[in-house]
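Asks: The structure's right below; bear with me while I get my questions together.
The values are calculated or read from the model by the stated rules, or taken from the named source; none is laboratory data. Only a predicted model underlies this, so the values are computations on that prediction, with no experimental measurement involved. Here the Cβ is made from the backbone with ideal geometry for all residues, glycine too, and neighbour counts use every protein chain on show.
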Amino acid sequence: MSIKARATGALLAAILSTTAFHGAFAADDTIKVGILHSLSGTMAISETTLKDAMLMLIEEQNKKGGLLGKQLEAVVVDPASDWPLFAEKARELVSVNKVSAVFGCWTSVSRKSVLPVFEELNSILFYPVQYEGEESQRNVFYTGAAPNQQAIPAVDYLMENESVERWVLAGTDYVYPRTTNKILEAYLISKGVKPEDIMINYTPFGHSDWQTIVSDIKKFGSAGKKTAVVSTINGDANVPFYKELGNQGVKAEDIPVVAFSVGEEELAGLDTGPLVGHLAAWNYFQSVDNPANAEFIKTWKAFTKNDKRVTNDPMEAHYIGFNMWLKAVEKAGTTDTDAVLDAMIGVSVPNLSGGYSTMMPNHHITKPVLIGEIQADGQFETVWETPGLVVGDEWSDFLADSKDLIADWRAPMSCGNFNVATGKCGGKGS
Amino acid sequence: MHTRLIHRFLQCLLVALCLMATDLRAADDLRSMVNALGGGSFQQNQKQIEALAKTGDPKIVPALEALAEGDLYLRKADGIVFIVRPAGANFRLIDALTGDDLGEEAKAGLEKVKVNNGLRRTIRGALGGLTLMSPDVNVRLQAAGTILRTPTADALDGLEIALAAETDGAVKAVLEKARAAAILVSDRPVEEKKAAVATVVQTGGRDSLSLLSGALASADESLRPDIEAGIRQIEDQLSLWAGAQNIWYGLSLGSVLLLAAIGLAITFGVMGIINMAHGEMVMLGAYTTFVVQAYIRAAWPGLFEWSLAIALPLAFLVTGAVGLVMERGIIRFLYGRPLETLLATWGVSLILQQAVRSIFGPTNQEVANPSWMSGAFELGGLTVTWNRMWIIVFSLAVFAFLLFLLKKTPMGLQMRAVTQNRRMASSMGIRTPWVDALTFALGSGIAGIAGVALSQIDNVSPNLGQGYIIDSFMVVVFGGVGNLWGTLVGAFTLGILNKVLEPYAGAVLGKILVLVLIILFIQKRPRGLFALKGRAVEA
């Protein structure tokens, strides 16, 4: 009965949200930018912030004179954390509202659901969240981290600086953790870690009773070798997980946890005292100390009128993606999709961690990788960073069926899954 | 005579001066060593801390403690390192060695001395060694415990000296264990190590297991059988305790299920309303706790330990009032139409969720645990966390309260009368509509109380309730609709079943298995564990 009720609820929400955001029809002398982030439902917790960040970026750009002499206009829709609705809303943005580019989606499943729409209607999507890779699509620019820009450097750090020999790969049960853990497992084994020194554990979304798993981790960690937990646990489940770690006395000095989905925003709902020293790997931290970031934080706090709001990595990804798009449109002199797609490759803009990010031919960007330790004030302190920028690797070198694939969207190759072994375009993911 | 006296005096003075000079020089050395911590890389600081620990001077303890806590700062202007305490927009500077107060300084002029896990580990070891001879028994006990957890061969000499001087029995016992642990990782002769293995095995527990497995790799041939036997012995003990631990986890999960379901046992179980907004009542209870805590933090920080006790009645009133409005405004028009009730309450749940999202924002809110709900204690081989333990106690207390209310009070009597035979109750002069409203308010209020408890272990976000609604219905249906005892037994059965399955099947498969078992059970006994009998069933 509850499934029926859920379906009905989703339907109701759908009807409500379609009616709510119409009326954003304006004159033709603006350039429209679509924002496709959930404002209700389970993903609202993360995505609402990104919607606000986009609105802020657009407002700031308009203050600077807009783009190509026109003002920018944001068109916000609410896909309500409902994956099929993402596709519907994307279609509405492109064909009804005629937006020039869309910034949005959070989970891989939402991105996969909108891919056919962007392909069919030939529009542009900027995806700002770290993901599992294994994809490169002509109409999508991936401004979040690929596994080699987050997961692998984190493991390297633990191996070199903490001499970790035993690994717990704990994740939520869906595509991103599963693929990432597959890549990490292959990577660890290639580094000489024995299979019995790797423990893999999956939990459902929103898991709240971590007692058994935390005591399993303690047990696994008492084999006389330094143990670490690599966490791809997503969203809400993190809070009870960290609470249980703190209560059962698992200290970062003994068994550190490095997380890929825990940022400043997630820590905001948590008493971080017992968590000091646990790690996270990102491409940006709010605590990064440079003038561009200080300015960004100041603008953000002023825009939200809240002094306690934090910034996080996906926000920086939108910052980079938006500026790249502005630059590409200026370069192309038009918002026409094909021209912008060509102009995007090679565009280079400042990021917030003090360097420049460049759009590569595989539609992924270059980023630095930072490892930070959680502090008592809910911020991260960078303890390590890559010496230079890391290029996003869409097809992992550590998976058998993707190691021969590359993506290059420049003519004449223009292919997202070129197989270097067979010399043909097409293969996995086509 | 006179000259000799002066001569002696001068001699003494010289010696004293010399002594003072060496003392000063040592202090100078310490100071420059502490100052060198500022601006050093992690590797350099690691060496620096080890060097500081070698001096064995207890004066550096506060500086090291401050470094581990992240309270050690470098003054950029002159490169001097201070301990700081926050003082408004400024920092209060404290001398790193003497502890003297040196006034306030703007934050901008100071830079934090960075610390990472590796440094914290080194500091912990160093502090353990430095505080072994402290006059305070508790500090000594803690120091011995630290060395026991992270034994090093270097600590051995210090341990033996401390052991010889120790008078307190409890500290001595820990020191003995720590010494045995340190011997295992040292290069002492095999005989001594054999004795050490025996001591470690006797200590038992996970840490000992970890120590022995670590030592096994580099152990001498003649020592191996001892260590292996020891490991087996500890593992046997632990596997026994693991069974008990699973049952405990099951009880704990069961108590959470009970709390989530017990309000529903009234609204759905007793009244027969399919209340999809039940989860949102739990969520409102949790948000009430958040508001209470925020208010207390701002107005009376001293009352913080009592915040939960204050939140309980408020949560009951808030959610009870929402329940009352819901019943009077919507549900009373829909009695006897379950499908419409389901849709209407689902709509209410969406409205409540989005309202909370609009008011408090979509992100998680921080609800802190009072100190009596943090941490854990050891019971034999069991790790019992305080928050789980109090939640079990609390859930049973709520259950007892509800049982008393329904069975022993006039209000409970009226409630049972109305739900069993409405027309008869009505003709006896009971105002049935108001009893309905109050019963629904009671169920909602109990859900709100559950929310106060659940805010201690789960996220406080607008989605909090959704995670519990399915489980709540599951418990009530499994236990038998309309029976409080059924809800109790159902909750604990499902909790224990889940936790016994989890280690073997994993969290995902475990949950699926439990659902399959419930479906099979409902096929066999459609009315649940404790079915109501008699005329009430047909009504």
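Asks: Do you know which of the residues in segment A:214-252 that are facing another protein chain (nearest Cβ under 7 Å) and aliphatic (A, V, I, L, M) is nearest to the chain's Cα centre (by Cα)?
Replies: A:Val239
Asks: Across segment A:233-266, what is the total count of residues that are closer than 13 Å to A:Gln211 by Cα and part of a loop (DSSP other than H, G, I, E, B)?
Replies: 3
Asks: Search segment B:227-241 for residues being surrounded by 14 or more Cβ atoms within 10 Å (Cβ to Cβ) and touching a residue at least 60 places away in the same chain (Cβ under 8 Å), and hand back the single one that is farthest from the other protein chains (Cβ to nearest Cβ).
Replies: Here the residue is B:Gln237.
Asks: Another question, then. Of the numbered conditions (1) at pLDDT 90 or above; (2) touching a His at 6+ places or on another chain (Cβ under 6 Å), A:Ala237 satisfies every one except a single condition; which is it?
Replies: (1) is the only condition that A:Ala237 fails.
Asks: When both residues are 6+ apart or on different chains and their Cβ atoms are under 7 Å apart, which pairs have a first residue that lies in segment A:126-141 and is in contact (Cβ under 8 Å) with a residue 24 or more places away in the chain and assigned by TED's automatic domain parsing to the domain that holds A:Arg178, and a second that is part of a loop (DSSP other than H, G, I, E, B) and among the small types (Gly, Ala, Ser)?
Replies: Note: no pairs meet the criteria.
Asks: Exactly one condition in (1) modelled with pLDDT under 95; (2) under 22 Å from A:Thr304 (Cβ atoms); (3) more than 14 Å from every other protein chain (Cβ to nearest Cβ) is not met by A:Met56; state its number.
Replies: For A:Met56, the failing item is (1).
Per-residue answers, yes or no, for (1) part of a helix (DSSP H, G or I); (2) crowded, with 19+ Cβ neighbours inside 10 Å:
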position	(1), (2)
A:Gly277	no, yes
A:Gln286	no, yes
A:Glu295	yes, no
A:Trp300	yes, yes
A:Phe303	yes, no
A:Asp307	no, no
A:Met315	yes, yes
A:Phe322	yes, yes
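Asks: Anything in segment A:371-395 that is under 19 Å from A:Val140 (Cα atoms) and either modelled with pLDDT under 90 or among the acidic types (Asp, Glu) (or both)? List them, or say none.
Replies: A:Asp393, A:Glu394
Asks: What number of residues in segment B:251-283 are closer than 20 Å to B:Leu406 by Cα, among the small types (Gly, Ala, Ser) and crowded, with 24+ Cβ neighbours inside 10 Å?
Replies: Residues meeting the conditions: 5.
Asks: Follow-up question, since we're still on this one. Can you find even one residue in segment B:207-226 that is within 13 Å of chain A (Cβ to nearest Cβ), under 23 Å from the mean Cα position of the chain (by Cα) and within 29 Å of B:Met133 (Cβ to Cβ)?
Replies: yes
Asks: Which numbered condition trips up B:Leu342, out of (1) without any contact (Cβ under 8 Å) to a residue 12 or more places away in the chain; (2) aliphatic (A, V, I, L, M); (3) over 24 Å from B:Leu253 (Cα atoms); (4) within 8 Å of chain A (Cβ to nearest Cβ)?
Replies: Every condition holds for B:Leu342 apart from (1).
Asks: Find the residue count for segment B:422-451, including only residues that are polar (S, T, N, Q) and within 47 Å of the chain's Cα centre (by Cα).
Replies: 3
Asks: Follow-up. Can you pull out every residue in segment B:185-197 that is assigned to a helix (DSSP H, G or I) and either without any contact (Cβ under 8 Å) to a residue 24 or more places away in the chain or of a type in the set (Ser, Thr, Tyr) (or both)?
Replies: Selection gives B:Glu191, B:Glu192, B:Ala195, B:Ala196.
Asks: Going residue by residue through segment B:451-459, is there one that turns out to be away from chain A (no Cβ under 14 Å), under 24 Å from B:Met415 (Cβ atoms) and modelled with pLDDT of 90 or more?
Replies: Yes, because at least one residue in segment B:451-459 is away from chain A (no Cβ under 14 Å), under 24 Å from B:Met415 (Cβ atoms) and modelled with pLDDT of 90 or more.
Asks: Return yes or no: is A:Val262 surrounded by fewer than 23 Cβ atoms within 10 Å (Cβ to Cβ), away from chain B (no Cβ under 11 Å) and either under 24 Å from B:Glu69 (Cα atoms) or under 18 Å from the mean Cα position of the chain (by Cα) (or both)?
Replies: The answer is no for A:Val262.
Asks: Condition check: touching a residue at least 60 places away in the same chain (Cβ under 8 Å) and within 14 Å of another protein chain (Cβ to nearest Cβ). Does A:Leu50 satisfy that?
Replies: yes
Asks: Now for a different question. Filter segment B:315-333 down to the residues that are in a helix (DSSP H, G or I), surrounded by fewer than 17 Cβ atoms within 10 Å (Cβ to Cβ) and not aromatic (Phe, Trp, Tyr), then identify the one that is modelled with the lowest pLDDT.
Replies: By that ranking, first place goes to B:Arg332.
Asks: A follow-up question, please. Within the group B:Thr385, B:Thr409, which residue is at negative phi, away from chain A (no Cβ under 11 Å) and of a type in the set (S, T, N, Q)?
Replies: Only one candidate qualifies: B:Thr409.
Asks: Would you check which residues across segment A:144-162 are modelled with pLDDT of 90 or more and either aliphatic (A, V, I, L, M) or outside any helix (DSSP H, G or I) (or both) and list them?
Replies: A:Gly144, A:Ala145, A:Ala146, A:Gln150, A:Ala151, A:Ile152, A:Ala154, A:Val155, A:Leu158, A:Met159
Asks: Which one of B:Gly38, B:Gly99, B:Gly56, B:Gly88 is within 38 Å of the chain's Cα centre (by Cα), small (Gly, Ala, Ser), at pLDDT below 85 and surrounded by 13 or more Cβ atoms within 10 Å (Cβ to Cβ)?
Replies: When all the criteria are applied, what remains is B:Gly38.
Asks: Of the residues B:Ile262, B:Ile247, which is β-branched (Val, Ile, Thr), out of contact with any Phe, Trp or Tyr (no Cβ under 7 Å at 6 or more places or on another chain) and part of a helix (DSSP H, G or I)?
Replies: B:Ile247
Asks: For segment A:67-127, which fully contained strands (runs of 3 or more DSSP E) count at least 1 residues that are farther than 23 Å from A:Glu330 by Cα and at pLDDT 95 or above?
Replies: A:71-77
Asks: Which condition breaks for B:Arg188 when tested against (1) within 14 Å of chain A (Cβ to nearest Cβ); (2) within 21 Å of B:Ala162 (Cβ to Cβ)?
Replies: With respect to (1) within 14 Å of chain A (Cβ to nearest Cβ); (2) within 21 Å of B:Ala162 (Cβ to Cβ), B:Arg188 is out only on (1).
Asks: Among the listed residues B:Leu497, B:Leu509, identify the single one that is in a helix (DSSP H, G or I), more than 19 Å from A:Phe205 (Cα to Cα) and in the same structural domain as B:Ala261 (by TED's automatic domain parsing).
Replies: Of the residues listed, the single one that is in a helix (DSSP H, G or I), more than 19 Å from A:Phe205 (Cα to Cα) and in the same structural domain as B:Ala261 (by TED's automatic domain parsing) is B:Leu497.
Asks: To continue, here is another question. Would you point out the residue of segment A:404-425, among those that are among the charged types (D, E, K, R) and assigned to a loop (DSSP other than H, G, I, E, B), that is nearest to A:Phe141 (Cα to Cα)?
Replies: This residue is A:Arg410.
Asks: So, B:Phe492, is that one part of a helix (DSSP H, G or I), closer than 18 Å to B:Tyr249 by Cβ and not β-branched (Val, Ile, Thr) or not?
Replies: Judged against the criteria, B:Phe492 is a match.
Asks: Can you pull out the residues in segment B:198-226 that are free of Cβ contacts under 8 Å to residues at least 60 places away in the same chain, under 23 Å from A:Val214 (Cα atoms) and not basic (Lys, Arg)?
Replies: Scanning segment B:198-226 gives B:Thr203, B:Asp207, B:Ser208, B:Leu209, B:Ser210, B:Leu212, B:Ser213, B:Gly214.
Asks: Identify, by number, the condition in (1) surrounded by 22 or more Cβ atoms within 10 Å (Cβ to Cβ); (2) within 14 Å of another protein chain (Cβ to nearest Cβ); (3) part of a helix (DSSP H, G or I); (4) within 25 Å of the chain's Cα centre (by Cα) that B:Val367 doesn't meet.
Replies: B:Val367 satisfies all of (1) surrounded by 22 or more Cβ atoms within 10 Å (Cβ to Cβ); (2) within 14 Å of another protein chain (Cβ to nearest Cβ); (3) part of a helix (DSSP H, G or I); (4) within 25 Å of the chain's Cα centre (by Cα) except (3).
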